[in-house]
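A short write-up of the structure that comes next.
The values are calculated or read from the model by the stated rules, or taken from the named source; none is laboratory data. As the structure is a computational prediction, the values presented were derived from the model and not from experiment. FYI the Cβ positions are ideal-geometry reconstructions off the backbone, even for glycines, and counts take in every protein chain you see.
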Amino acid sequence: MKIEVKNLSKYFGKTKAVDDLSFTFNSNEVMGFVGPNGAGKTTTMRIFATLEEPTFGDILLDGVSIIEEPEKAREKIGYVPDSLPLHNDITVHEYLDFFARAYGLKGEKRKKTVQQIEEFTNLTGIGDKTLQALSKGMKQRVCLARSLVHDPDILIMDEPASGLDPRARIELRELLRILSSQGKAILISSHILAELSEICTGAIIIEQGKLITAGSLEKLLTTKTDETKRAQKIIIRARGKEKELITWVLQLPFVEQAFQIGEEIEIDVVGEDEILISLLSQLVKEEFPISEFRKLRTDLETVFMNLTKGEVQ
């Protein structure tokens, strides 16, 4: 399955919520959808889910236009909103059964499908509980379960980890890994960038409705922006000689700053890896008791902060 977002734009009055946005992703990929508040992520996802129509542009699912053939698109897409709609008088099982009926599942097949979805999302034990009685984590599970009833090829997930406790986040990550291994294409937005780095194969970064960058996680984390070319962060442990080491390294022309965090010293070094090799060699020559010397790997948070300005429309 190939998903193509082509020159997508959405206006609300004079405001461009989405501005000529284009990117692609495929089956077996988990793509993080990243941007500041007001960047246009939720609007784009609602267009995916056929809940909004774009002002211009289109989204193609293996060549099928969601604008021209929305019914076919809905068969392929499972949408997980950022919160479960309020339904006070319906149980978890009744809710999932309703959507199974809506998707045309009948008789024994419907019963078996709902049972399998409840087991997969670990909802079996709470099927008789009303939706209003559920915790935030359980409501998110129900949202995910509902999106899987018709076995879609694509999952569009808007902040699914928001408000979840650590255990629920870990369980959600495992579910996403399983779904991806089953061949589903997943687009997931989140403000928890460290978590996205653990589960995503790629990321799409937008700001003010415009595409900033997109690609595999490996590509984004190894492509050097002006900021990442300018400085690298080094972590050093000096076994009781932290203050002396900080004083010494701050005299070096390629060191921007150095400060102590607990037993570790964090140093910003200007230059490429050759400079780091030289620094380690000099530290050994000066007989500092170095027990650890490592470079902090660029993460998605660093890429995001370097590329975006935090501006809203």
Give me the pairs: first residue in segment 277-296 and in contact (Cβ under 8 Å) with a residue 24 or more places away in the chain and among the charged types (D, E, K, R), second residue surrounded by 14 or more Cβ atoms within 10 Å (Cβ to Cβ) and assigned to a helix (DSSP H, G or I), beta-carbon distance under 9 Å, and six or more apart or on different chains, which are they? 286/245; 286/248; 295/276
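Restricted to segment 175-208, and to residues that are of a type in the set (D, E, K, R) and at pLDDT 90 or above, which residue is nearest to the chain's Cα centre (by Cα)?
Applying the first criterion (of a type in the set (D, E, K, R)) to segment 175-208 yields 177, 184, 195, 198, 207.
After this cut, where a residue has to be at pLDDT 90 or above as well, the list is 177, 184, 207.
Working: 177: 13, 184: 16, 207: 15 Å.
The qualifying residue nearest to the chain's Cα centre (by Cα) is 177.
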Residues within segment 250-270 that are more than 14 Å from residue 283 (Cα to Cα) and free of Cβ contacts under 8 Å to residues at least 12 places away in the same chain, tallied: 4
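Which of the strands (runs of 3 or more DSSP E) contained wholly in segment 1-40 include at least 3 residues that are under 16 Å from residue 158 (Cα atoms)? Before you say what the answer is, go through the steps one by one.
Details: elements: 2-12, 15-26, 30-34.
It comes to 30-34.
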Taking residue 241 and the conditions (1) over 22 Å from residue 218 (Cβ atoms); (2) exposed (fewer than 12 other Cβ atoms within 10 Å of the Cβ), which numbered condition does it fall short on, given that it satisfies the others? (2)
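Filter the strands (runs of 3 or more DSSP E) completely within segment 155-226 down to those with at least 1 residues that are surrounded by fewer than 20 Cβ atoms within 10 Å (Cβ to Cβ), among the β-branched types (Val, Ile, Thr) and on the phi < 0 side of the Ramachandran plot.
Numbers: elements: 185-189, 202-207, 210-216.
Where strands (runs of 3 or more DSSP E) fall fully within segment 155-226 and carry at least 1 residues being surrounded by fewer than 20 Cβ atoms within 10 Å (Cβ to Cβ), among the β-branched types (Val, Ile, Thr) and on the phi < 0 side of the Ramachandran plot, they are 210-216.
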Which one of the conditions (1) in contact with a strand residue (DSSP E or B) (Cβ under 8 Å, 6 or more places away or on another chain); (2) within 25 Å of residue 217 (Cβ to Cβ) does residue 52 fail to meet, given that it meets all the rest? (2)
Residue identified as within 30 Å of residue 171 (Cα to Cα), out of contact with any strand residue (DSSP E or B) (no Cβ under 6 Å at 6 or more places or on another chain) and of a type in the set (D, E, K, R) among 286, 244, 218, 272: 218
Which condition from (1) more than 24 Å from residue 154 (Cβ to Cβ); (2) surrounded by fewer than 16 Cβ atoms within 10 Å (Cβ to Cβ); (3) of a type in the set (Ser, Thr, Tyr) is the one that residue 91 breaks? (2)
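Do we have any residue at all in segment 173-189 that's among the hydroxyl-bearing types (Ser, Thr, Tyr), under 27 Å from residue 17 (Cα atoms), in the same structural domain as residue 76 (by TED's automatic domain parsing) and in contact with a Phe, Trp or Tyr (Cβ under 8 Å, 6 or more places away or on another chain)? Break it down stepwise before answering.
Here is the first cut: in segment 173-189, the ones among the hydroxyl-bearing types (Ser, Thr, Tyr) are 180-181, 189.
Still in the running and under 27 Å from residue 17 (Cα atoms): 189.
Subset that is in the same structural domain as residue 76 (by TED's automatic domain parsing): 189.
This time we only want the ones that are in contact with a Phe, Trp or Tyr (Cβ under 8 Å, 6 or more places away or on another chain), so: 189.
The answer is yes, given that some residue of segment 173-189 is among the hydroxyl-bearing types (Ser, Thr, Tyr), under 27 Å from residue 17 (Cα atoms), in the same structural domain as residue 76 (by TED's automatic domain parsing) and in contact with a Phe, Trp or Tyr (Cβ under 8 Å, 6 or more places away or on another chain).
So is residue 65 modelled with pLDDT of 95 or more, closer than 25 Å to residue 189 by Cβ and either within 24 Å of the chain's Cα centre (by Cα) or small (Gly, Ala, Ser) (or both) or not?
On the way: modelled with pLDDT of 95 or more: yes; closer than 25 Å to residue 189 by Cβ: yes; either within 24 Å of the chain's Cα centre (by Cα) or small (Gly, Ala, Ser) (or both): yes.
It is true that residue 65 is modelled with pLDDT of 95 or more, closer than 25 Å to residue 189 by Cβ and either within 24 Å of the chain's Cα centre (by Cα) or small (Gly, Ala, Ser) (or both).
Let's see how each residue does on (1) part of a helix (DSSP H, G or I); (2) in contact (Cβ under 8 Å) with a residue 60 or more places away in the chain:
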{"residue": "54", "(1), (2)": "no, no"}
{"residue": "59", "(1), (2)": "no, no"}
{"residue": "68", "(1), (2)": "no, no"}
{"residue": "71", "(1), (2)": "yes, no"}
{"residue": "82", "(1), (2)": "no, yes"}
{"residue": "93", "(1), (2)": "yes, no"}
{"residue": "101", "(1), (2)": "yes, no"}
{"residue": "104", "(1), (2)": "no, no"}
{"residue": "109", "(1), (2)": "yes, no"}
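Could you please give the count of residues in segment 268-310 that are in a strand (DSSP E or B) and either at pLDDT below 80 or over 29 Å from the mean Cα position of the chain (by Cα) (or both)? Step through it out loud before you land on a result.
If we filter segment 268-310 for residues that are in a strand (DSSP E or B), which is where we start, we get 268-269, 292-295.
Filter once more, keeping what is either at pLDDT below 80 or over 29 Å from the mean Cα position of the chain (by Cα) (or both): 269, 292-293.
Number of matching residues: 3.
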